[in-house]
1. Report, by residue number, each residue of the stretch B:222-256 that is surrounded by 24 or more Cβ atoms within 10 Å (Cβ to Cβ) and charged (D, E, K, R).
2. Checking A:Ala141 against (1) within 13 Å of A:Phe221 (Cβ to Cβ); (2) assigned to a helix (DSSP H, G or I), only one condition comes out false. Which one?
3. Within the set of pairs 6 or more residues apart or between chains, which connect a residue that is basic (Lys, Arg) inside the stretch B:25-54 to a residue that is surrounded by 14 or more Cβ atoms within 10 Å (Cβ to Cβ) with Cβ atoms less than 6 Å apart?
4. Considering only residues that are surrounded by fewer than 18 Cβ atoms within 10 Å (Cβ to Cβ) and either more than 14 Å from every other protein chain (Cβ to nearest Cβ) or within 20 Å of the chain's Cα centre (by Cα) (or both), which ones fall in the stretch A:225-241?
5. Is the stretch A:176-197 home to any residue that is more than 8 Å from every other protein chain (Cβ to nearest Cβ), over 21 Å from the mean Cα position of the chain (by Cα), over 25 Å from A:Gly127 (Cβ atoms) and among the basic types (Lys, Arg)?
6. Out of the residues in the stretch B:21-71 that are within 12 Å of chain A (Cβ to nearest Cβ) and not in a helix (DSSP H, G or I), state the one that is nearest to the chain's Cα centre (by Cα).
7. Quick check: is even one residue across the stretch A:108-119 more than 7 Å from every other protein chain (Cβ to nearest Cβ) and either more than 16 Å from the chain's Cα centre (by Cα) or assigned to a loop (DSSP other than H, G, I, E, B) (or both)?
8. Report those helices (runs of 4 or more DSSP H) wholly inside the stretch A:166-281 carrying at least 3 residues which are closer than 30 Å to B:Leu132 by Cβ.
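The values are calculated or read from the model by the stated rules, or taken from the named source; none is laboratory data. Remember, predicted model here, so these are calculated numbers, not experimental data. As a convention, Cβ positions derive from the backbone with ideal geometry for all residues, glycine included, and neighbour counts pool all protein chains shown.
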Amino acid sequence: MALALRSQAQKSPMPGFRLGMGITLTMLSVIVLLPIGALLAQGISYGPAGVWNTVNTPRVWAALYLSFRLAFFAAVFNLIFGTLLAWVLARYEFPGRRLVDAVVDLPFALPTAVAGIALTALYAPNGVFGSLAKAAGGKIAYTEWGILIALIFVGLPFVTRTVQPVIAEIEREVEEASATLGASRFYTLRRVILPMLLPAALTGFALSLARAVGEYGSVIFIAGNLPMKTEIAPLLIVIKLEEFDYNGAAAIGIAMLLISFSMLLVINLIQIWSRRRIGHV
Amino acid sequence: MSDAAFDHTDVVPGKWRPVAEESRTTRIVLIAIALGGLALLVLAPLAVVFAEALAKGAWAAVKSLGSRDARSAIQLTLLVAAISVPVNAVFGIAAAWVITKFDFKGKAFLITLIDLPFSVSPVVAGLALVLLFGTNSLIGGWLVASGFPIIFALPGIVLASIFVTFPFVARELIPVMIEQGRAEEEAALTLGASGWRVFRTVTLPNIKWALLYGVLLCNARAMGEFGAVAVVSGKIRGQTATMPITIEMLYNEYLSVAAFSMAAVLALLALITLALKTALEWRHADQLAATRRH
């Protein structure tokens, strides 16, 4: 591969291919590929049966199911709210719009541990929102609802940031044409605008989902971490590591990687399908 | 959302409404949902951080930050960022240069690999580093024996921070450099400039704001990373406990003011990052436009 790369690049008069490619591949290998390779190698030496026996226990299934289910719900919420937010920020004029636009990115900038303890303080039974829930006879922190809120928080900006530029580039003529042909505003939004936003919205959805599935810092404080109930998959890996059970940790890690990648693949296929359906964008 | 074709309640006689716009009522409702949602989901947690930090007065908060462990955590976090951010910047420039200035087979695959850390859980990233460099592994055992441990030490924390921030700079630079094309560099080369000079005097000025933007995001994430660092750091107080790790330890010891004071420092840092980022977006919108479209 390296030889083929070099011969192709020599056609270009641009310098720095070897240096740039050298830095890129070295860094990629040391930081990403070798560690992931070590993880897979650990799984192989443990054997498929061992990996399966580790994963196929009620506690691990419960954790995987919880992580992926809540990540999906959080990503769906972010898909809807994020698209609405993008629409409002791109289309409407209101005082403080630019400030609001900046605030959207706060979950990216705020460290997850900070978000974790802040959300717990808010939603714990003695917190501002938690006490309201308690008065209504409910509980948020230390239940699945708490985890869901944390996952919504960390994935909030993704959809807005991918959809907003697409909205900004839509030409008004398309909507006007639709309106002059007798479509109601809602019909235009649903049948003209929404299909144009779908590929970008799905990209944001996938990013938000991937982030939520693996999220650890913001969740462990608010989750309560009860086995079989509010224990997320990444926490199980940490527990296995603390017991020096490297095989068990690797098995769960590989299971998470496999499920994440197949989900992202499905989303990618839907994206290709929706792009084809509307032609371009 | 109301059906706009039948919603004429807000149309003032003699004043027509554009057809490609929602009714005034719809707009107000949507803006209210957006602002209310953001206040509840994003601003409330931020406000709580500062409220809890100052719960026993400003002096208690400041005093907790002066403790030996707190100061060592702040120093460690700054050190980790000071190493991992420049490394990442160099990688990002190199990767973007190769990807945008040359044509080669497997380019799409290379981009996928660079993006890979986005879809790997930070905890799994930490685990992978432990399996590669931990005492039980071949490389790790040898490194520990030669007095250069990686896991439960500074190098491991740096590697974990670089892993989780890996695509940040490259992702910001690639769309900008694609948009700018290769013509300017090629012209400079024809005029006899050396490769290094072309990069310094032609490419760098064109990408400097996008680079700064990527570095900013990378820095924020590197300083705040928790999951990956928690796995590789060993959480040794005063030695391998970064600021986010220290927040967890203080919080679990019910030292609320101390935990939230340190959290407030990181939150302030996040606000500064956002302010700088927003300023960049306003001032250099032209150069960053490609980044935001991507």
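1. Of everything in the stretch B:222-256, just one residue is surrounded by 24 or more Cβ atoms within 10 Å (Cβ to Cβ) and charged (D, E, K, R), namely B:Glu225.
2. It is condition (2) that A:Ala141 fails.
3. B:Arg27/A:Tyr92
4. Of everything in the stretch A:225-241, those that are surrounded by fewer than 18 Cβ atoms within 10 Å (Cβ to Cβ) and either more than 14 Å from every other protein chain (Cβ to nearest Cβ) or within 20 Å of the chain's Cα centre (by Cα) (or both) turn out to be A:Leu226, A:Pro227, A:Met228, A:Lys229.
5. Taking every residue of the stretch A:176-197 in turn, at least one turns out to be more than 8 Å from every other protein chain (Cβ to nearest Cβ), over 21 Å from the mean Cα position of the chain (by Cα), over 25 Å from A:Gly127 (Cβ atoms) and among the basic types (Lys, Arg).
6. Ranking the candidates gives B:Ala55 first.
7. Yes, the stretch A:108-119 contains at least one residue that is more than 7 Å from every other protein chain (Cβ to nearest Cβ) and either more than 16 Å from the chain's Cα centre (by Cα) or assigned to a loop (DSSP other than H, G, I, E, B) (or both).
8. By residue number, A:194-214, A:217-223, A:233-242, A:246-277.
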